Amino acid sequence: MDCAGFPEEDYAFYALGALAEAQAREVDEHLAAGCGVCREGVRKAREVWSSVAASTPPAEPSKGLRKRLLDLLD
């Protein structure tokens, strides 16, 4: 398949599950058609986001934030 691919940010948002629904469906259908160029683009984006997640230290919310959130649930 001869493909110029999608914009890099589309791969990034797709990998995060944050691409607009219509665009995500378009990428899904395109990948299902077997495009190796776009599969590689998605693979690279997932690799980048995995590296970002692995290098980001976990954060603890402040006690005040926790209390405010729990109060909202009541």
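Throughout, read-outs are computed from the coordinates displayed, never taken from laboratory work. What you are looking at is a predicted structure, and each value in this text was computed from that prediction instead of being measured. Here Cβ is always computed from backbone atoms with ideal geometry, including for glycine, and neighbour counts include all displayed protein chains.
At-a-glance table
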| quantity | calculated |
| --- | --- |
| Where a residue in region 1-22 is surrounded by fewer than 18 Cβ atoms within 10 Å (Cβ to Cβ) and its partner, wherever it lies, is aromatic (F, W, Y), with Cβ under 7 Å and at least six apart | L16/W49 |
| Region 29-56, residues that are loosely packed, with under 12 Cβ neighbours inside 10 Å and under 17 Å from D2 (Cα atoms) | E29, A32, A33, G34, G36 |
| Residues within region 37-56 that are more than 10 Å from A12 (Cα to Cα) and more than 12 Å from the chain's Cα centre (by Cα), tallied | 8 |
